[in-house]
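First the structure, in the form of structure tokens, and then the observations on it.
The values are calculated or read from the model by the stated rules, or taken from the named source; none is laboratory data. What you see is a predicted model, and the numbers here were worked out from it, not measured in a lab. Glycine also receives a Cβ, built like all others from the backbone with ideal geometry; neighbour counts cover every protein chain displayed. Heavy atoms of the whole protein, side chains included, go into the accessibility calculation; ligands, DNA and RNA do not. Shrake-Rupley method; radii C 1.70, N 1.55, O 1.52, S 1.80 Å.
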Amino acid sequence: MMKRIFYYITDCVDPLQNLAMEEYFLHRVQPQECILYLWQNQKTVVIGRNQNAWNECRVQELEDAGGTLVRRLSGGGAVYHDLGNLNFTFLVRHADYDVEKQTRVISDAIRALGMPVELTGRNDMTIDGQKFSGHAYYRTQDQCYHHGTLMVNVDHAALGKYLQVSKSKLEKHSVQSVRSRVTNLIDHCPNLTIPMLEQQLVHSFGTVYHLTPEQISSDTIDCEDIAQRKQRFAQWEWRFGSNSAFTEQVQGHFGWGETAIRYTVQNGKLQHVSLQSDGLEADYLAEIPQALEYCSYALTDIAEALRAIPQQNNEQTQICRDVTNLLKKQFVS
């Protein structure tokens, strides 16, 4: 039986810090307690625990625009966050974990603001068939969390630009783009603001649980613990090192000849790299697959590996430049 409920609203918009804070609360929540954590991220794509970063996000375009890709602990699909989005997390021990009650906190808050809410399956909330909230879940030993997004005034153009949604998923929903599947709450409640929604969520939290929400003081938070968790979420291997392999091939025609490069990406590394070409610089071209083998699947690392191959003439320098640009297309397509 729940005895105490707490809430914490952060003004931090760093996605790595916020994921670390979420995990920190997960391991701090006590039996018969529930914590509601409300947070926002600035220009971020968040992918699920087992997703392939490059299949879900146009990573290079996002990073070139100053955005960040992060991987969360829970499963589910990729989502785009900006300051028009409010994120929520319920953190609780397993004995008191109640998805129906937690979801009711959200739906009651939205209805109290004058908007209809439809629950679609286990993961989505919609208005008139359009999604404004997606949910995901995580459990480790006795600790659980239920988190999700609330689209208040998200930039739809950016959402469509940085997320890559499979054609099969779009066909399943009989729509042409990810943007047509979602809606902002502000379209249904024009005066809505993030602080208004936060206040209503805290009120609904208390009403649903029949308890008075207690605010967590920042002074009680272990900043060193959170810094260590943030460091782990920031690691390239965590963000990009998916176990699921995928194979790509690129081809190009240049002044020095034609070339085709094929490789597999496994755990974020290029493997089984092969190159076919009719270029005359045969020895130099033969070194390219060796240089790229086990290179991190990141444009900066690939470019650095290619530049590290000794170039003895202008044609080899041009080959290096052209192959780098050819592989770059995989990151910005």
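Treat the range 1-119 as a sphere of radius equal to its Kirkwood radius over Cα pairs and apply Stokes-Einstein at 25 °C in a medium of 0.890 mPa s; give the translational diffusion coefficient in µm²/s, rounded to a whole number.
156
Could you give the dipole magnitude of the chain about its Cα centre, charging the beta-carbon of Lys and Arg +1 and that of Asp and Glu -1, in debye to the nearest 20?
So the magnitude is around 860 debye.
So how much accessible area does Arg307 have, in Å² to the nearest 10, using a 1.4 Å probe?
150
Spin-label point model (7 Å from Cα, Cβ direction): what's the Gln235 to Ala260 distance in nm?
Modelled inter-label distance: 3.8 nm.
Determine, at each q value in 0.13, 0.14 (inverse angstroms), the log₁₀ of I(q)/I(0) that the Debye formula gives when each Cα of the chain is one equal point scatterer.
The Cα Debye sum returns log10 ratios of -0.97, -1.08.
Taking 0.36 nm per residue of sequence separation and subtracting the Cα-Cα distance, how much length would be gained by fully extending the chain between Glu224 and Val250, in nm to one decimal?
Contour length minus the Cα-Cα distance gives 4.9 nm.
Out of every Cα pair in the range 180-333, what percent are spaced more than 25 Å from each other? Present the calculation step by step, with values, prior to reporting the outcome.
Numbers: 6620 of 11781 pairs.
Counting every Cα pair in the range 180-333, those more than 25 Å apart make up 56 percent.
DSSP H helices in the chain with Cα extent of 15 Å or more along the helix axis and mean Kyte-Doolittle hydropathy at least -1.0? Provide the component values of the computation, followed by the final result.
Details: long enough: 15-28 (20 Å, -0.48); 99-112 (19 Å, -0.28); 194-209 (23 Å, 0.42); 223-234 (16 Å, -1.12); 282-292 (16 Å, 0.37); 314-332 (27 Å, -0.65).
What comes out of the filter, once short or polar helices are dropped, is 15-28, 99-112, 194-209, 282-292, 314-332.
If you place +1 on the Cβ of every Lys and Arg and -1 on the Cβ of every Asp and Glu, how big does the dipole about the Cα centre of the range 39-78 come out, in debye to the nearest 20? Mind showing how you got there, number by number?
Values: 5 positive and 4 negative charges, 45 e Å.
It works out to roughly 220 debye.
Using a Förster radius of 56 Å, what is the FRET efficiency between Gln30 and Tyr294 based on their Cβ-Cβ separation? Nearest 0.05, please.
Computed FRET efficiency for Gln30 and Tyr294 comes out at 0.80.
Of the residues Asn313, Asn184, Asn18, which exhibits the maximal mean-square fluctuation in a Gaussian network model of the chain defined by a 10 Å Cα contact cut-off?
Asn313
Using modelled amide H (1.01 Å from N, peptide plane; none on Pro or chain starts), what sits under 5 Å from the amide H of Lys269, excluding residues fewer than 5 places away?
Those lying under 5 Å, H to H, from Lys269 are Tyr297.
What FRET efficiency comes out for Gln271 versus His210 if R0 is 45 angstrom and r is the Cβ-Cβ distance? Round to the nearest 0.05.
0.20
Of the lysine pairs in the chain, how many meet both conditions: Cα atoms under 25 Å apart, and a spacing of 8 or more in sequence or different chains?
23
Net charge near Arg72, counting Lys/Arg +1 and Asp/Glu -1 over other residues with Cβ under 15 Å of its Cβ?
Values: positive: Arg49, Arg71, Arg139, Arg229, Lys230, Arg232, Arg239; negative: Asp14, Glu22, Glu23, Glu56.
Taking every Cβ under 15 Å from that of Arg72, the sum is +3.
With +1 on the Cβ of every Lys and Arg and -1 on the Cβ of every Asp and Glu, and nothing else charged, how large is the dipole of the range 210-266 about its Cα centre, in debye rounded to the nearest 20?
Magnitude of the dipole: close to 320 debye.
Students often check this: by mean Cβ neighbours within 10 Å, which of 22-28, 39-45 ranks highest, and how do the rest follow?
Answer by packing, highest mean first, reads 39-45, 22-28.
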